[in-house]
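Student: A single structure is presented below for examination.
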Amino acid sequence: MKEIKIVAIIVGIIFIYYIIGHVISIRRLNTVIPINESTITKILFVDGTGRNKPLTVTNPQKIAEFMGHINKYIISNYKSPSPAVGWIYTATLYSNEQEIAEITFGNPITVNNKKYLVIMNNLSIKKISDYLKIIEPSWNYEP
């Protein structure tokens, strides 16, 4: 009976350690790439499907709108058992001509070649497409 209690305590401690480790790693996207939307001067969107030409956004209001969306992401570290195959959109953020970050959208999201699981406030590919279609009416998205 005593051995069962000891095993239960050990299992409980391991479980608590695991949960605390995951809770600590949960954070907002803007802590991974500490960006102030006022320093972003350009966003280059690339369509991985090949349907659209790369689209550059330089309008400060449109940049702020997009940054407002992605800064709401709640993410956690992600370890993929296998490499991802394909992608739909990437956004490369620039401050003047200096590249700040490259984001590949999906779940998991990839930021500067590191994967993160989006826990809350994921921006769907359709919403990104709708945003890009406002900027460039010829932007085409068909799931």
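Student: So Thr31 fits all but one of (1) surrounded by fewer than 18 Cβ atoms within 10 Å (Cβ to Cβ); (2) touching a residue at least 12 places away in the same chain (Cβ under 8 Å); what number is the exception?
Tutor: Failed condition: (2).
Student: Across segment 102-123, what is the number of residues that are in a loop (DSSP other than H, G, I, E, B) and either of a type in the set (Phe, Trp, Tyr) or under 15 Å from Ile74 (Cβ atoms) (or both)?
Tutor: Number satisfying all stated conditions: 6.
Student: Based on what the data block shows, is Thr90 free of Cβ contacts under 8 Å to residues at least 40 places away in the same chain, on the phi < 0 side of the Ramachandran plot and surrounded by fewer than 19 Cβ atoms within 10 Å (Cβ to Cβ)?
Tutor: no
Student: Restricted to segment 123-133, and to residues that are out of contact with any helix residue (DSSP H, G or I) (no Cβ under 8 Å at 6 or more places or on another chain) and surrounded by fewer than 18 Cβ atoms within 10 Å (Cβ to Cβ), which residue is nearest to Thr58 (Cα to Cα)? I'd like the intermediate steps shown before the answer.
Tutor: Here is the first cut: in segment 123-133, the ones out of contact with any helix residue (DSSP H, G or I) (no Cβ under 8 Å at 6 or more places or on another chain) are 124-126, 128-130, 132-133.
Among the residues that remain, those that are also surrounded by fewer than 18 Cβ atoms within 10 Å (Cβ to Cβ) are: 124-126, 130, 133.
Working: Ser124: 22, Ile125: 21, Lys126: 21, Asp130: 17, Lys133: 15 Å.
Ranking the candidates gives Lys133 first.
Student: With segment 1-71 as the region, which helices (runs of 4 or more DSSP H) entirely inside it contain at least 2 residues that are modelled with pLDDT under 85 and charged (D, E, K, R)? Reasoning before the result, please.
Tutor: Working: elements: 2-24, 29-32, 60-70.
Fully inside segment 1-71 and qualifying: 2-24.
The values are calculated or read from the model by the stated rules, or taken from the named source; none is laboratory data. Computed from a predicted structure; not experimentally measured. Glycine gets a Cβ as well: all are built from the backbone with ideal geometry, and neighbour counts include every protein chain shown.
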